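Take a look at the structure below.
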Amino acid sequence: MTTVVDTGSVTRPGTDPAPALEQPAARERPLPVRALAWLGGHWTLVLAVAVVALVLAWAVVPGAFASHDPLAVDPAGKLRAPSAEHWFGTDQLGRDLYSRVVHGARASLSGSAIAVAVGAVVGSLLGALAGWFGGVLDAAIGRGIDVLLSIPGFLLAITIVVLLGFGIVQAAVAVGLTMTATFARLIRSEVLRARTSTYVEAATTSGASTWDILRRHVVPNSIAPTLSLVTVQLGIAIIWIASLSFLGLGAQPPDPEWGRLVSDGRNYIASRGWLTLWPGLTVVAVVLATNHISHHLTRRDAS
Amino acid sequence: MGRYLARRGAQAVLVLWAAYTLSFVLLSALPGDAVTNRIQNPEANISPEGARTLLAYYGLDRPLWEQYAHSLVGASRGDLGYSLTTAQPVRELLASALPSTLQLTSLGLVFGVLIAAVVAVATNYAPWRWLRTLTASGPALFASVPTFVAGIVALQYLSFRYGLIPSVDDGTFRALVAPAATLGLVVAAPLSQVFATSIRTTRSQPFVHVLHAKGAREGYIFRKDVLRNSSLPVLTLLGLAFGELIAGSVVTESVYARSGVGQLVVGAVNTQDLPVVQGVVLLSTAAYVLINLVVDLAYPFVDPRILVDGAPRGATRRRARQRSVVVEPAAPRLLPAEVVMP
């Protein structure tokens, strides 16, 4: 539009191309208005992105949001109800719950990120190997996937936690390894589809190396479905890691983690409900937001 | 049918063997075990002879492959070894924990199916738009609430605030309702999602339009045609949702302090009681495999056109001949009996 205005000043008098060109633009609302309209139509998505952004900020710079030291014990201020000083109240040791929730974001989110990264990388590698090379390798990996999927996932994660020990990273790796089967199955089918396609056949006949075909044709085609699975699994990973921590198998005290905070507060649910309510609601809000974004991405992917 | 069952049975045994081996390999990679820890604990004051006897009793002094072979033979006979902390047979521990968990999971499944059915039907048939929109967001909401949060909140309000349910497991049915409902919520998430979508897809099929055109009422069409046609994907999911049910029951039992398999495994993990962990993994894998086999066998009863191993059931074959409906293997088109009828 700016170019039209620029050229308009130098065009010969008598001919005025600007109105003719501006007419469709005039019917269309200006960009900021359209952007606002789109945002208004997708306000739930905006809200979800805002929640995730806020929590990510909590995880990256917790000091900028927390009002207190999450580990500072205050014997005089135990089990205080939520107030202006302590937004979410204080726990049984007088620690500020809001600060603990903010600092807990790092453990919960980095744990989920590690889990999904482990699942996606290991799973994709196995799936790509199985799909590309086929034969005995495919059969072996395929049976392995079948066995992994036939053990109830959460129990498998618990078993791996026994092996790795308790801790947030260990729990994350356990959850990630449990997820490999799902990723492997998806990537295998994507690679199989690409391998039998005519464009890969053409690339093979024109003498491209296996590595080049994988890099230039197979991988780019598998990225979109993998990404949408990543977002789906992220929500599941947050829940599983929080659940493992709730059972005492994940994050260890005194480090704050959302599931751990709920389990710490459970002894006081009769009288001090906020101790479990706020960390619990935080998990629900974050998972809801993640799932909503993932749903949106998946739907856009499909159309 | 007999051959199909035999093949599926053999597959199930193979999967169980692989799961057992996998858990054995995972757990034997562990540097310590409960017995060694107990021996090395200076407070326990166990003499070297006593230590040797103890290790020999649990078979821990033998090489690893021998332990594996021995425990595998035992497991195939139903002997899962002994708990390293209480010295009770794992089978007895499982047997005493199982009834409570079975009650919880089966009632949880009932709740899950009920919630899913209500949500799915309301999403598709509710007369008001706001109710349809509200229930349509149900599955996403259920999927976002972790079991422990739902359980704690239910306990906090229903039990402590309003005193509707007992806060500890006193063995009554009333104490079972809240945990089962909590568990039901978890299972309802995928079930309601798939059921709602499935009903919507079925309702847009041409035969439903034909039935409408013939003057059939909505309720009649739902009961006679839509329900059955849209329940196949739900059936598939029911088998898969069993995994969620197990995961959920571990957490639910912890929240409501109910004794059961979930509590057993969490306790065993905390004390590194490997035979118990392995026993629970083996038991739940067996249940998972069995349930999915039952689901596969149930397909032909819901949709007679689905063939088990290439051959339709006897009754189906007869009916198919009578009505001359085209029997298509594995890819059922949604074609109701009513359309064929004059």
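Checking each residue in the stretch B:198-219 for being free of Cβ contacts under 8 Å to residues at least 12 places away in the same chain and part of a helix (DSSP H, G or I) picks out B:P206, B:H209, B:H212, B:A213, B:G219. Figure legend. Inter-residue proximity from the stretch B:98-118: first residues modelled with pLDDT under 95, second residues surrounded by fewer than 19 Cβ atoms within 10 Å (Cβ to Cβ), beta-carbon distance below 7 Å, spacing 6+ or different chains. Indicated pairs: B:S100/B:S259. Would you call B:S259 of a type outside the set (K, R), part of a loop (DSSP other than H, G, I, E, B) and more than 8 Å from chain A (Cβ to nearest Cβ)? So B:S259 fits the description; yes. Considering the conditions (1) more than 12 Å from chain B (Cβ to nearest Cβ); (2) touching a residue at least 24 places away in the same chain (Cβ under 8 Å); (3) under 29 Å from B:G248 (Cβ atoms), A:R195 is excluded by exactly one of them, (3). So for the stretch A:123-140 (the condition being buried (at least 22 other Cβ atoms within 10 Å of the Cβ) and either touching a Ser or Thr at 6+ places or on another chain (Cβ under 6 Å) or on the phi > 0 side of the Ramachandran plot (or both)), does at least one residue qualify? Yes: one or more hits. Of the residues making up the stretch B:119-131, those that are surrounded by 15 or more Cβ atoms within 10 Å (Cβ to Cβ) and assigned to a helix (DSSP H, G or I) number 7.
Looking at this structure, is B:T252 in contact with a helix residue (DSSP H, G or I) (Cβ under 8 Å, 6 or more places away or on another chain), at pLDDT 90 or above and more than 10 Å from chain A (Cβ to nearest Cβ)? So B:T252 passes the test.
The conditions of being in a helix (DSSP H, G or I), crowded, with 19+ Cβ neighbours inside 10 Å, touching a Ser or Thr at 6+ places or on another chain (Cβ under 7 Å) and among the aromatic types (F, W, Y) are met by B:F148. Of these, B:A34, B:A6, B:A10, B:A29, which one is within 14 Å of another protein chain (Cβ to nearest Cβ) and modelled with pLDDT of 75 or more? Testing whether each residue is within 14 Å of another protein chain (Cβ to nearest Cβ) and modelled with pLDDT of 75 or more leaves just B:A10.
Taking the stretch B:262-308 as the range and being in contact with a Pro (Cβ under 6 Å, 6 or more places away or on another chain) and either assigned to a helix (DSSP H, G or I) or modelled with pLDDT of 90 or more (or both) as the test, the residues that pass are B:S284, B:Y288. The residue list A:A202, A:A237 contains one member that is within 14 Å of chain B (Cβ to nearest Cβ) and modelled with pLDDT of 85 or more, which is A:A237.
Only one entry in B:V149, B:V187, B:V153 is of a type in the set (V, I, T) and more than 12 Å from chain A (Cβ to nearest Cβ), namely B:V187.
Within the stretch B:265-276, is there a residue that is more than 21 Å from B:A18 (Cα to Cα), more than 8 Å from chain A (Cβ to nearest Cβ) and surrounded by fewer than 24 Cβ atoms within 10 Å (Cβ to Cβ)? Among the residues of the stretch B:265-276, at least one is more than 21 Å from B:A18 (Cα to Cα), more than 8 Å from chain A (Cβ to nearest Cβ) and surrounded by fewer than 24 Cβ atoms within 10 Å (Cβ to Cβ), which makes the answer yes.
Take the stretch A:39-49 and flag every residue that is aliphatic (A, V, I, L, M) and surrounded by 12 or more Cβ atoms within 10 Å (Cβ to Cβ). Explain how you work it out, then say what you get.
Residues of the stretch A:39-49 aliphatic (A, V, I, L, M): A:39, A:45-49.
Within the stretch A:39-49, A:L45, A:V46, A:L47, A:A48, A:V49 qualify.
The residues of the stretch B:156-165 that are within 12 Å of B:Y256 (Cα to Cα) and more than 26 Å from the chain's Cα centre (by Cα), listed by number, are B:Q156, B:S159. For the stretch A:244-297, the candidate set comprises residues that are under 22 Å from B:R258 (Cβ atoms) and aromatic (F, W, Y); within that set, the residue that is farthest from the other protein chains (Cβ to nearest Cβ) is A:Y268.
Of the listed requirements (1) away from chain A (no Cβ under 13 Å); (2) crowded, with 16+ Cβ neighbours inside 10 Å, B:H209 misses just one: (2). Scanning the stretch A:252-274 for residues that are modelled with pLDDT under 85 and of a type in the set (A, V, I, L, M) turns up A:I269, A:A270. Against the list (1) assigned to a helix (DSSP H, G or I); (2) within 14 Å of chain A (Cβ to nearest Cβ); (3) more than 23 Å from B:L297 (Cα to Cα), the condition B:I165 fails is (1). The requirement of being crowded, with 20+ Cβ neighbours inside 10 Å, at pLDDT 90 or above and farther than 27 Å from B:G239 by Cα is not satisfied by B:L191.
Among (1) buried (at least 23 other Cβ atoms within 10 Å of the Cβ); (2) more than 9 Å from every other protein chain (Cβ to nearest Cβ); (3) farther than 16 Å from A:I241 by Cα; (4) not charged (D, E, K, R), which single condition is A:I151 missing? Answer for A:I151: the failing condition is (2). When you look at B:A95, is it exposed (fewer than 13 other Cβ atoms within 10 Å of the Cβ), modelled with pLDDT of 85 or more, on the phi < 0 side of the Ramachandran plot and away from chain A (no Cβ under 14 Å), yes or no? Against the criterion (exposed (fewer than 13 other Cβ atoms within 10 Å of the Cβ), modelled with pLDDT of 85 or more, on the phi < 0 side of the Ramachandran plot and away from chain A (no Cβ under 14 Å)), B:A95 qualifies.
Which helices (runs of 4 or more DSSP H) does the stretch A:190-270 wholly contain that include 3 or more residues that are touching a helix residue (DSSP H, G or I) at 6+ places or on another chain (Cβ under 9 Å) and surrounded by fewer than 24 Cβ atoms within 10 Å (Cβ to Cβ)?
A:198-205, A:210-213, A:219-246
When A:L177, A:L186, A:L163 are checked against the criterion of being within 30 Å of A:I151 (Cα to Cα), over 24 Å from the mean Cα position of the chain (by Cα) and either part of a helix (DSSP H, G or I) or of a type in the set (A, V, I, L, M) (or both), A:L163 stands alone in meeting it. Answer yes or no: is there a residue in the stretch B:182-198 that is within 13 Å of B:Y256 (Cα to Cα) and under 26 Å from the mean Cα position of the chain (by Cα). Yes, that holds for at least one residue.
The values are calculated or read from the model by the stated rules, or taken from the named source; none is laboratory data. The structure displayed is predicted, hence computed values, not measured ones. We place every Cβ from the backbone using ideal geometry, glycine too, and count neighbours over all the protein chains shown.
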